[in-house]
1. Thr31 versus (1) modelled with pLDDT of 90 or more; (2) surrounded by 11 or more Cβ atoms within 10 Å (Cβ to Cβ); (3) among the β-branched types (Val, Ile, Thr): which is the lone unmet condition?
2. I'd like the full set of residues that are polar (S, T, N, Q) and either in contact with a helix residue (DSSP H, G or I) (Cβ under 8 Å, 6 or more places away or on another chain) or modelled with pLDDT under 90 (or both), limited to the range 252-279.
3. Scan the range 232-248 and give yes if some residue there is part of a strand (DSSP E or B), farther than 26 Å from Lys343 by Cβ and open to solvent by 30 Å² or more (accessible area, probe 1.4 Å), otherwise no.
4. Take the residues in the range 341-395 that are hydroxyl-bearing (Ser, Thr, Tyr) and open to solvent by less than 30 Å² (accessible area, probe 1.4 Å), then tell me which one is farthest from Ile292 (Cα to Cα).
5. I need the helices (runs of 4 or more DSSP H) fully contained in the range 263-378, keeping only those with at least 3 residues that are among the aliphatic types (A, V, I, L, M) and farther than 30 Å from Gln518 by Cα.
6. Is it fair to say Val61 is among the β-branched types (Val, Ile, Thr), open to solvent by less than 90 Å² (accessible area, probe 1.4 Å) and under 26 Å from Ser373 (Cα atoms)?
7. Under 9 Å between Cβ atoms, which residue pairs at least 6 apart in sequence (or on different chains) link something in the range 460-473 that is within 18 Å of Arg442 (Cβ to Cβ) and outside any strand (DSSP E or B) with a partner that is β-branched (Val, Ile, Thr) and open to solvent by 50 Å² or more (accessible area, probe 1.4 Å)?
8. Take the residues of the range 283-312 that are touching a residue at least 24 places away in the same chain (Cβ under 8 Å) and among the aromatic types (Phe, Trp, Tyr): which is farthest from Ile215 (Cα to Cα)?
Amino acid sequence: TMKDSPRVPVLNVEAVDKQSVYFFNFNRLDTFFKVVCCNPAAFKAAASLLESGLELGRGPVQFKLFESKLTHELRFMTDYEIVGCSWVSLAGGKWRRRPWASSIGEVATTTNTQAEFDVMYEDVVSHKPEAEFMDVAPLRVLSFDIECAGRPGVFPEPDVDPVIQIANVVTLQGSTKPIIKNCFCLDTVSPIADAQILTFDSESELLSAWRNFLIAVDPDVLTGYNIVRFDMPYLLRRADCLNTKWFAFWTRVRRIPTKAAEKVMTTKQTGSRVTMKINIEGRVQLDMFSVIQAGHKLSSYSLNAVAEHFLKEQKEDVHHSIISDLQSRDADSRRRLAVYCIKDALLPIRLMVKLMVIVNYVEMARVTGIPLSFLVTRGQGIRVMSQLYRRTAAHNLLIPTAKKALDGAKFQGATVLEPLRGFYTLPVATLDFASLYPTIMRAHNLCYTTLVRPEDVPKIAPDDMTLTPNGDYFAKATQRPGLLPAILAELTVKRKAAKKLLKEEKDPFKKAVYDGRQLALKVSMNSVYGFTGAQVGDLPCLNI
């Protein structure tokens with residue numbers, strides 16, 4: 001039994017004929033058991049039980065699991081062909097808006113959203129991001145920055161140093177024009193021409209008012225500069241120290257508090273780094289510090305250096321060492337501090353629009369199928385896995401859970417030729433092979449589904465297989481078209497179409513969407529190859 005679960009955790013078990021995505025298997029189908037559970041907790045418990053073994057007659061039987069690590073959000077989106085950041089409709093007459101009355105009483109709202117509905121999952125209608133459904137939603141973006149009154153020579157610590165100001169800028173996606181620009185300040189502050197100043201006598205009052213402001217604005221996206229590693233954990237810890245009631249409830253689901261915990265992120269591109277894992281259900285955290293660090297190689301990632309590089313603009317001239325002094329002086333000195341704080345909240349919005357961050361992320365979500373939040377919190381692997389899952393169902397294929405790398409733990413990288421250094425008086429022509437790895441994979445039908453087991457090689461005519469330099473055999477497309485080549489072919493066609501539309505489009509916003517789309521398609525194509533070599537990934541295959 002599990003807490004809060006219905007009396008029947010397993011709803012259905014049925015035998016289905018399918019095949020594993022690994023290896024060329026002569027189109028033979030095997031029998032699998034499909035287990036349907038009532039909720040994610042029951043699903044997780046059932047998977048754990050099956051993997052550890054069930055007592056069946058003569059002893060424990062361990063089951064090999066397939067598709068047990070796919071999150072319930074992606075399972076639903078995959079089964080009903082919903083991609084991240086796409087538009088959905090609720091079938092007419094099939095939904096009820098909360099609150100609504102039932103025979104057992106009123107069904108109340110449970111979230112902080114502006115509208116809440118009950119609808120059966122099969123009555124959610126998904127629309128492909130085309131024609132009138134191509135537009136990016138007018139997401140509300142809240143950018144904020146905090147100032148702390150630290151001690152001389154000591155980096156601010158939330159257990160000791162107070163939060164004295166929180167600046168906020170609210171915009172709609174695609175615009176740098178604020179619909180709200182304000183600053184929550186401790187003590188009196190002289191007026192600022194284009195901003196609202198809200199003053200408070202105590203720090204606890206300031207924090208409570210800011211939390212209420214956050215819920216009232218109901219932002220879809222939270223941004224700022226280094227907010228995940230500094231501002232948000234600092235606010236949460238500071239409110240905890242002051243025992244500020246209800247402060248930590250930032251999410252769109254009322255009963256879930258926001259918490260901050262250290263998390264180690266490891267990727268091939270950036271190595272290992274410590275960051276903070278912060279849950280804010282229903283709101284996407286797009287920290288511009290992390291976005292720029294991941295996407296651009298700069299000599300310095302300070303906000304000043306980044307603003308100068310991309311915007312040719314600088315922060316206000318207030319050194320952190322004089323912040324406490326400005327706070328303790330008078331209303332005019334605190335005004336100078338507020339101007340500085342507001343500018344630090346405005347710059348991330350300007351960077352976000354300049355670099356088309358939301359448009360590019362939205363298109364990446366649409367191309368890969370995953371929710372926008374997964375692009376921020378998860379690595380590259382989930383993007384390829386999502387695309388694989390969306391295609392396996394149509395081919396009776398199942399993806400095994402956490403399979404280790406096949407045969408051998410290392411592979412040799414590409415050969416890089418050293419350039420002949422010197423002064424050239426004649427132009428040097430450089431040639432670039434367009435989409436090199438995707439092209440090779442498509443040309444030779446390299447896929448999990450076409451890799452021939454060594455013991456099966458004699459069963460296939462040599463002309464029906466490709467022998468790779470490493471001694472692996474892959475069945476040719478005449479025997480079985482590969483899944484990965486099909487994905488790459490589709491991405492190639494879509495990218496060509498996006499580039500064609502980009503060239504023809506006159507509307508600057510639509511041009512930005514098409515440009516974001518073709519870039520997302522390019523990145524997705526190149527990541528498929530790297531995905532097969534990620535030995536700690538979900539589906540490694542070094543043979544490919």
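1. Thr31 satisfies all of (1) modelled with pLDDT of 90 or more; (2) surrounded by 11 or more Cβ atoms within 10 Å (Cβ to Cβ); (3) among the β-branched types (Val, Ile, Thr) except (2).
2. So in the range 252-279, the residues polar (S, T, N, Q) come out as 258, 266-267, 269-270, 272, 275, 279.
Across the range 252-279, the qualifying residues are Thr258, Thr266, Thr267, Gln269, Thr270, Ser272, Thr275.
3. There is no residue in the range 232-248 that is part of a strand (DSSP E or B), farther than 26 Å from Lys343 by Cβ and open to solvent by 30 Å² or more (accessible area, probe 1.4 Å).
4. Of everything passing the filter in the range 341-395, Thr392 is farthest from Ile292 (Cα to Cα).
5. Correct list: 331-354.
6. Criteria not met by Val61.
7. Every condition considered, the pairs that remain are Asp464/Thr478.
8. The extreme case among them is Phe310.
The values are calculated or read from the model by the stated rules, or taken from the named source; none is laboratory data. Note that this is a predicted model, so its numbers are computed, not measured. Neighbour counts are summed over all protein chains in view; Cβ atoms, including those assigned to glycine, are modelled from backbone coordinates with ideal geometry. Heads up: the accessible areas ignore ligands, DNA and RNA and are worked out on the full protein's heavy atoms, side chains in. Shrake-Rupley method; radii C 1.70, N 1.55, O 1.52, S 1.80 Å.
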